[in-house]
Structure formats: C-alpha cells, structure tokens
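Where a number appears in this text, it was derived from the coordinates with a stated rule and is not lab data. All of these numbers come straight from a predicted model, not from anything done at the bench. Every residue, glycine as well, gets a Cβ built from its backbone with ideal geometry; the counts of neighbours run over all protein chains shown.
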Amino acid sequence: MPGFKAWPVIVGSVMSVEVQGDLIRFSYGDAHACVAKKGCTLVSFVVNGDEYMYLSEAADLSSKSTTPVRGGMPLIFPAFGKSYLESLKTVQQHGFVRNLAWDFVIAEVLTECTVARFRLSHRQCEDEQQYHNWCQFYGQPIKFALTMDFSLFSDRITVNTSLVNENVSELEFQFLYHTYFRVPCVRDMYITGLRGAKYLDRLQTRYRLDPSPMLKVEEQTDKLYKLGENNREVDILSGNYNVRLTASENLSDLVVWNPWKEGAAKMKDFEPKSSYRNMCCVEFGAIEGTTVARGGRWQCQHTITII
C-alpha cells in the first residue's frame with residue numbers, strides 16, 4: 001500500500017501489521033482492525049467487508065491534536081462524568097488518556113489471532129493539566145502504566161486492559177470503553193440482554209428497572225445500566241448486522257447513548273449530522289469507582305463478536 005511503513009511481523013509471506021503514521025492496521029484472515037495512537041482508539045473493525053465501528057467524517061486522528069477521536073472506541077479514564085468521587089472532582093468529564101498519544105509497543109501474529117499492544121504511562125502525561133489535577137488529591141505525582149492489547153480473531157476482537165499503580169496507596173478511578181457502533185439504521189436496531197437490569201435514565205434523572213427483553217433506540221438516549229449476573233451477554237441486532245458484547249465481571253456498568261438530531265447538531269466534530277441514524281454507543285465500564293493498591297495491577301477484558 002502506498003505510504004505505508006511495514007512493521008516486521010511476517011507469517012510465511014503475509015504481512016499482517018502495517019504502520020501508517022498515527023494509525024496501526026492489522027489483520028487476521030478476513031478480519032481487519034485499525035487503532036489510532038491518539039487515545040489508543042480502535043477506529044475500525046471490519047469482518048468479511050462489513051465495518052462495525054462508527055467514525056465521524058470530522059474525526060481528528062492526528063496524535064499532535066488533543067481533540068479526542070469522535071467515534072471508534074476511545075478509553076474513558078480516570079473519570080467518567082462530573083464525578084461524585086472526591087478524588088476525581090477536579091478531573092474533566094471522560095478523563096484525559098483519550099487525548100494523548102500512546103506508544104505502539106509490539107505486534108505478534110499467533111496461530112489463532114493477531115495481537116497489537118499499546119502503552120501509556122505517567123511520563124507521557126507531564127504536559128496534561130488534567131493529569132496534574134488528578135495528582136492534587138494525592139499530594140504527589142501519580143505513577144501509573146496503562147497497557148491495552150487488541151487480539152483480532154476471524155470473527156471477533158478482544159481488548160485486554162491492564163493498569164499498574166506504582167506509588168499511590170489506593171488509586172481510585174472510573175473506567176469505560178466508549179464504543180461507537182455503526183449500524184444500518186438505529187430505528188431498526190434492538191439491544192438484548194438488559195432485561196431485569198436497573199438503570200438510570202440520565203436525561204430524566206430517575207432510576208428504573210428494565211422489564212423489556214429488547215431495548216429500542218428511537219429518540220435521544222442516555223441510559224446507565226447496572227448489570228447483574230443475567231446481563232453478561234449483550235447483543236446488538238439489526239437485520240444481518242448482529243454483534244455480541246461480553247466483558248469481564250469487573251465491568252458491571254453499561255451505557256447506551258445516542259445524541260439524536262438535537263445532540264448531533266451541537267457537536268462540531270459529528271459529521272455528517274444525520275449519521276446519528278447509523279450509530280449507537282454501547283459501552284461497558286466500571287463507573288461507580290474502582291481502586292488498585294500500591295504495586296497492584298487491575299485488569300479487565302471486553303470482546304466484540306460478530307454473530
């Protein structure tokens with residue numbers, strides 16, 4: 001491919017990983033993925049020619065810009081929203097690691113999948129004001145390391161994330177895979193697997209219990225679900241477009257979000273404005289707050305499977 005820098009990972013004569021500036025592209029059979037160094041954002045996941053990630057036409061993928069990527073799978077860390085947690089009150093909504101350029105560490109072609117690893121540490125945050133805001137609560141610089149491994153199989157992609165706390169007695173954080181899914185038509189889409197889960201309708205600021213076997217998105221939507229043991233498989237269904245989402249048990253929160261026409265119009269980098277009809281965010285995370293002890297490691301996993 002013109003303009004591509006080849007990364008030296010070869011199985012037989014097949015080049016499975018390529019680096020193009022700020023983008024890392026890798027494949028396994030008929031599955032293809034692309035990760036932007038900015039925010040370690042999965043911006044494309046293609047199986048058999050079908051794209052499953054929504055990416056705004058105005059998304060800025062340059063690692064020189066601090067504007068987060070609109071679309072794909074940005075990582076929300078260490079804060080989700082305007083936090084009720086004292087340690088995160090001075091950190092902006094959605095945190096700061098999605099704004100920073102991560103290091104591409106290595107890629108491996110294994111028998112069953114292709115794996116690409118990325119890393120971000122406190123050393124890359126020294127010029128980020130939100131990082132310093134976070135440190136103020138602890139009265140010292142926070143030393144941490146985040147690692148993300150993307151494992152691409154023929155029908156799925158699994159993301160393993162690891163956080164190491166190097167020096168703070170109890171490091172508190174919120175975490176979310178802020179995944180934008182591309183769908184043929186959001187009005188024709190169903191989300192299953194949430195029946196019986198308690199949720200907060202963030203637009204109406206009230207809690208409810210979901211009695212329905214299927215969730216339809218037909219208007220502006222912002223719902224935060226607390227998942228139970230019967231909600232560990234969540235499916236997005238729309239005709240021939242069918243996706244199954246699973247996650248480790250420590251990701252017990254799930255957000256369903258669509259800005260609809262009014263919300264899309266307010267976002268400069270959401271283009272075309274009508275594309276709210278072809279996307280929906282379905283996001284696994286740990287929003288209530290999690291801690292990791294000094295010298296400890298916190299890990300989680302999320303898998304997107306085409307069914």
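Odds and ends about this structure:
- Criterion applied to Leu171, Leu176 was being closer than 24 Å to His302 by Cβ and under 15 Å from the mean Cα position of the chain (by Cα), and the one residue passing it is Leu176.
- Per-region count, the range 82-110, residues within 22 Å of the chain's Cα centre (by Cα) and under 14 Å from Asp149 (Cβ atoms): 7
- His94 being out of contact with any His (no Cβ under 9 Å at 6 or more places or on another chain) and either surrounded by 15 or more Cβ atoms within 10 Å (Cβ to Cβ) or closer than 21 Å to Ser162 by Cα (or both): no
- Residue count, the range 174-196 (criterion: in contact with a helix residue (DSSP H, G or I) (Cβ under 8 Å, 6 or more places away or on another chain) and surrounded by 15 or more Cβ atoms within 10 Å (Cβ to Cβ)): 5
- Given (1) free of Cβ contacts under 8 Å to residues at least 40 places away in the same chain; (2) surrounded by fewer than 19 Cβ atoms within 10 Å (Cβ to Cβ), number of the condition Val43 does not satisfy: (2)
- Of all residues making up the range 197-232, the number that are under 25 Å from Tyr276 (Cα atoms), exposed (fewer than 13 other Cβ atoms within 10 Å of the Cβ) and in contact (Cβ under 8 Å) with a residue 24 or more places away in the chain: 2
- Filtering the range 271-296 to residues that are in contact with an Asp or Glu (Cβ under 9 Å, 6 or more places away or on another chain), of a type outside the set (Val, Ile, Thr) and farther than 24 Å from Ile157 by Cβ leaves Glu271, Pro272, Glu288, Gly289, Ala293, Arg294, Gly295.
- Leu163 vs. criteria buried (at least 20 other Cβ atoms within 10 Å of the Cβ), within 21 Å of the chain's Cα centre (by Cα) and either of a type in the set (Asp, Glu) or within 30 Å of Arg294 (Cβ to Cβ) (or both): yes
- When residues of the range 121-148 are limited to those that are touching a Ser or Thr at 6+ places or on another chain (Cβ under 8 Å) and surrounded by 19 or more Cβ atoms within 10 Å (Cβ to Cβ), the one farthest from Val17 (Cα to Cα): Trp134
- Members of the range 233-275 that are in a loop (DSSP other than H, G, I, E, B), more than 17 Å from the chain's Cα centre (by Cα) and exposed (fewer than 13 other Cβ atoms within 10 Å of the Cβ): Gly239, Asn240, Lys268, Pro272
- Test: residue in the range 165-188 that is out of contact with any strand residue (DSSP E or B) (no Cβ under 9 Å at 6 or more places or on another chain) and either charged (D, E, K, R) or in a loop (DSSP other than H, G, I, E, B) (or both): no
The rows are residues; the columns are (1) touching a residue at least 24 places away in the same chain (Cβ under 8 Å); (2) not polar (S, T, N, Q).
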site	(1), (2)
Glu126	no, yes
Gln129	no, no
Gln136	yes, no
Phe144	yes, yes
Thr147	yes, no
Ile157	yes, yes
Asn165	yes, no
Phe173	yes, yes
Leu176	yes, yes
